[in-house]
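Take a look at the structure set out below.
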Amino acid sequence: MKVDKPIRKSLPLSSRDLNDLQTLRGSTSHRVALSDLAGEVVTDASSDAAVLHAVWEAGINAVRDRVEDEGYAEMAKDRNVHTGRASARRRRPAWADDE
């Protein structure tokens, strides 16, 4: 797989965003949670760009997980509909026991 050269994009940040960024870097529990969600290590020495990239990865992972969950739920719903129809076809008809 070919790895493309990273492209830097501008990201406007509010004062709240900057405070959140500081919290993510400065708090051990926040760093651990972000590292888990992003799948990459975030330390108190991580650059702003590294922390923002981790936030990006965590967000992308959350979106992918949600889409996957919704896809599985839809497949399960379809399977239940098809299974129900198949069960109905295999069920003995009510009139079969009439004598």
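The values are calculated or read from the model by the stated rules, or taken from the named source; none is laboratory data. The structure presented is a predicted model; accordingly, all values stated were derived computationally and were not measured. All Cβ positions, glycine included, derive from the backbone under ideal geometry; neighbour counts span all protein chains shown.
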*Report whether or not Asp20 is assigned to a loop (DSSP other than H, G, I, E, B) and either at pLDDT 95 or above or in contact with a helix residue (DSSP H, G or I) (Cβ under 7 Å, 6 or more places away or on another chain) (or both).*
no
_Evaluation of Thr28 against (1) modelled with pLDDT of 95 or more; (2) surrounded by 12 or more Cβ atoms within 10 Å (Cβ to Cβ) (one fails), failing number_ = (2)
*Among the residues of segment 37-49, write down those that are in contact with a helix residue (DSSP H, G or I) (Cβ under 9 Å, 6 or more places away or on another chain) and part of a helix (DSSP H, G or I).*
Leu37, Ala38, Asp48
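In this structure, does Ala50 turn out to be loosely packed, with under 10 Cβ neighbours inside 10 Å and not polar (S, T, N, Q)?
So Ala50 does not fit the description; no.
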*Run Ala88 past the list (1) at pLDDT 95 or above; (2) over 24 Å from the mean Cα position of the chain (by Cα); (3) among the hydrophobic types (A, V, I, L, M, F, W, C) and report the number of the one that doesn't hold.*
(1)
